[in-house]
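The values are calculated or read from the model by the stated rules, or taken from the named source; none is laboratory data. Note that the structure is predicted; figures quoted are calculated from it, not measured. Note: ideal-geometry Cβ built from the backbone for every residue, glycine included; neighbour counts use all protein chains shown.
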């Protein structure tokens with residue numbers, strides 16, 4: 001297992017590009033931010049599940065394309081439910097950050 005190097009606290013060198021920050025559209029409502037944050041959380045959970053499955057765990061048991069399709073649909077549905085319920089809390093944190101950027105109030 002490779003451990004990433006610690007984050008640098010040094011300022012970026014002159015001429016280095018600024019880090020990308022998400023833009024919040026003007027007029028975005030808190031409900032829209034909530035919806036987008038929940039969708040993004042579901043996307044992240046789906047990717048985590050796909051990465052876990054790509055390790056090959058359980059391949060000897062499934063071994064078929066039909067089972068792979070079923071697992072993919074199962075993972076997608078699980079991710080949607082987890083995001084809607086806020087099981088991981090990622091959506092809530094993302095929504096709060098976006099709300100601060102849009103000046104909609106950081107509470108949640």
- Across the range 24-64, what is the total count of residues that are in a loop (DSSP other than H, G, I, E, B) and either farther than 17 Å from residue 76 by Cβ or at pLDDT 90 or above (or both)? 12
- Note on the structure: Considering the range 82-108, residues that are out of contact with any helix residue (DSSP H, G or I) (no Cβ under 9 Å at 6 or more places or on another chain) and under 18 Å from residue 41 (Cβ atoms), and then whichever is surrounded by the most Cβ atoms within 10 Å (Cβ to Cβ), we arrive at 101
- Task: Give 16, 12, 79 a once-over and let me know the one that is modelled with pLDDT of 90 or more, out of contact with any strand residue (DSSP E or B) (no Cβ under 8 Å at 6 or more places or on another chain) and either part of a loop (DSSP other than H, G, I, E, B) or surrounded by 15 or more Cβ atoms within 10 Å (Cβ to Cβ) (or both).
- Result: 79
